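Structure first, commentary second.
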Amino acid sequence: MKSGLIQELSDAIGSANVISGEGLNERYIHIWKMDQPLLAVAAVLPRSTEHVSAVMKICFAYDQKVVVHGGLTNLVGSTETDGDEVVISLEKLNQIEELDEKSRTITAQAGVILEQVQLACSEKELLFPLNFGAKGSAQIGGVISTNAGGLRVFKYGMTRNLVLGLEVVLADGTIISSLKKIIKDNSAYDLKHMFIGSEGTLGIITKAVLKLSEAPKSRTSAFVAIDDYEHVISFLKHMDSGLAGTLSGYELIWGHTYKVMTTPPAQMRPPIPHGHSYYVLLESHGADVEKDTAVMEALLESALEKGLIEDAAIASNEADLTWFWTIREDVHVFVSQANHDQHFDISLPLPLIGNVLERISKNLYELPDVEVVFIFGHVADGNIHLVVGKRIQSDELIHAINEVIYSELQPIGGSISAEHGIGNHKKAYLHYSRSTAEIELMKTLKKSLDPKLLLNRGKVIDV
């Protein structure tokens with residue numbers, strides 16, 4: 001059966017685009033696991049939507065399970081394989097098909113790297129605002145499939161808010177193409193939203209039309225120190241009000257995490273001294289560097305006078321901007337100091353973050369074999385990240401840590417995943433964020449669009 005399947009795939013899209021046998025040893029399931037060969041029946045590298053459709057028609061006929069691979073940067077096991085799947089890698093779907101300056105849209109294939117989209121837009125003085133640390137590896141299809149967030153969600157929204165049109169291949173090979181450039185389209189169901197954030201379980205995204213904005217003429221950033229979480233919230237209101245809608249980022253770093261990020265072996269020095277409870281990195285987008293800097297300075301001075309912040313440093317040039325944001329984006333600094341690191345991206349109401357995270361941190365440190373807890377996040381949109389380091393790696397400890405964190409979220413209407421998705425690793429905890437009725441509706445939708453359960457089977461929900 002496998003030989004017949006592989007031959008049909010080779011006939012359909014060309015043998016050069018089908019990898020099997022020892023060739024799979026050069027492939028992997030994640031960029032952090034490049035030393036582990038891919039377990040799969042075969043890996044196929046389609047070069048068009050029509051290729052993806054042909055592959056899925058064959059897999060549908062063979063009842064062959066499929067796992068979709070993009071940039072392999074996900075953190076929840078969405079690209080893991082058991083060895084009996086065909087892997088569809090979208091890396092060869094890597095063309096930007098159009099950048100329409102008048103419509104302020106870009107049409108990109110699923111395998112285009114996020115940073116390539118950003119650079120292409122920048123050349124035309126346009127902005128695709130989605131931004132996060134893995135921008136140099138993450139592919140547009142994966143970004144959309146996980147509804148990625150990042151550093152500018154507060155102003156521009158999640159990926160969902162930036163997608164105008166999609167082309168998708170269903171489990172039976174049917175192509176659903178709606179590559180519209182319009183913002184308003186209220187003609188019945190908005191089908192693209194079924195696939196955004198579905199982690200490849202409902203269809204394979206092959207192409208997208210993305211919404212752009214005019215590029216800002218200025219970026220103004222500052223680091224501030226705060227000793228009381230209530231002031232973190234008050235300072236956010238102070239700055240958002242004073243900046244009149246131009247606040248584009250508001251990142252919070254807990255004191256211990258900031259110290260590790262700005263102390264050797266970390267490469268970056270601290271913009272303001274260690275010793276405070278919280279550090280906020282904020283950014284505004286504007287049109288006049290001098291005026292915008294003056295407004296930022298005046299607001300920081302006012303915040304100091306009101307006692308909202310303890311200290312502040314403003315970026316005075318491009319080098320300072322790079323310095324400040326490199327500190328925030330270089331999470332590998334503390335990941336390297338967290339043995340058997342376990343990652344979280346929870347979401348919770350802003351006013352509760354301080355107390356809830358203090359309690360979570362305390363409870364984590366009371367678990368045997370937990371060594372260190374690093375906390376930071378996009379606090380303006382309620383998204384907090386934790387990285388937990390452990391002395392040992394065991395299923396029991398992983399589950400205990402998950403329970404400490406996730407059990408806090410259900411009573412307060414929080415979420416176990418703000419932006420990374422569910423995949424394999426969070427599936428058992430989905431009930432902390434979704435009701436039984438919601439999960440049953442998800443199962444109904446899955447079985448309707450993928451009746452043979454071929455697409456990323458076992459990911460997100462069990463059907």
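The values are calculated or read from the model by the stated rules, or taken from the named source; none is laboratory data. Fair warning: this is a prediction, and the values are worked out from it, not measured in the lab. Every residue, glycine among them, receives a Cβ derived from its backbone with ideal geometry; neighbour counts consider all protein chains shown. The accessibility values were calculated without ligands, DNA or RNA, using every heavy atom of the protein model including side chains. Shrake-Rupley method; radii C 1.70, N 1.55, O 1.52, S 1.80 Å.
Against the list (1) within 22 Å of His340 (Cα to Cα); (2) out of contact with any strand residue (DSSP E or B) (no Cβ under 8 Å at 6 or more places or on another chain); (3) not acidic (Asp, Glu), the condition Tyr365 fails is (2).
Kindly establish whether Val169 is of a type in the set (A, V, I, L, M) and out of contact with any Leu (no Cβ under 9 Å at 6 or more places or on another chain). Taking the combined requirement at face value, the residue satisfies it. If you go through the range 371-396 and pick out every residue that is in a strand (DSSP E or B), surrounded by fewer than 20 Cβ atoms within 10 Å (Cβ to Cβ) and of a type in the set (Val, Ile, Thr), you end up with 2. Of all residues assigned to the range 27-36, none qualifies as being buried (at least 17 other Cβ atoms within 10 Å of the Cβ) and closer than 19 Å to Leu170 by Cα. Only one entry of Asp395, Asp345 meets the criterion of being more than 21 Å from the chain's Cα centre (by Cα) and more than 20 Å from Leu243 (Cα to Cα), and that entry is Asp395. Quick check, is Ile182 on the phi < 0 side of the Ramachandran plot and either open to solvent by 50 Å² or more (accessible area, probe 1.4 Å) or among the charged types (D, E, K, R) (or both)? Judged against the criteria, Ile182 is a match. When Ser407, Ser433, Ser415 are checked against the criterion of being small (Gly, Ala, Ser), at pLDDT 95 or above and exposed (fewer than 15 other Cβ atoms within 10 Å of the Cβ), Ser407 stands alone in meeting it.
Out of Leu352, Leu281, Leu308, Leu304, I need the residue that is touching a residue at least 40 places away in the same chain (Cβ under 8 Å), in a helix (DSSP H, G or I) and of a type outside the set (Phe, Trp, Tyr). Which one? That would be Leu352, the only listed residue that is touching a residue at least 40 places away in the same chain (Cβ under 8 Å), in a helix (DSSP H, G or I) and of a type outside the set (Phe, Trp, Tyr).
Taken over the range 191-204, the criterion of being part of a loop (DSSP other than H, G, I, E, B) and either in contact with a helix residue (DSSP H, G or I) (Cβ under 6 Å, 6 or more places away or on another chain) or open to solvent by less than 50 Å² (accessible area, probe 1.4 Å) (or both) is satisfied by Ile196, Gly197, Ser198, Glu199, Gly200, Thr201, Leu202, Gly203.
Is there a residue being among the β-branched types (Val, Ile, Thr) and part of a loop (DSSP other than H, G, I, E, B) anywhere in the range 424-445?
Scanning the range 424-445, I find no residue that is among the β-branched types (Val, Ile, Thr) and part of a loop (DSSP other than H, G, I, E, B), so the answer is no.
Evaluation of Ala298 against the conditions (1) within 24 Å of Gly149 (Cα to Cα); (2) of a type outside the set (Asp, Glu); (3) open to solvent by less than 60 Å² (accessible area, probe 1.4 Å) shows that the sole unmet condition is (1).
Quickly run through the range 141-173 and pick out the residues that are of a type in the set (Val, Ile, Thr) and open to solvent by 60 Å² or more (accessible area, probe 1.4 Å).
If the condition is that a residue be of a type in the set (Val, Ile, Thr) and open to solvent by 60 Å² or more (accessible area, probe 1.4 Å), then no residue fits.
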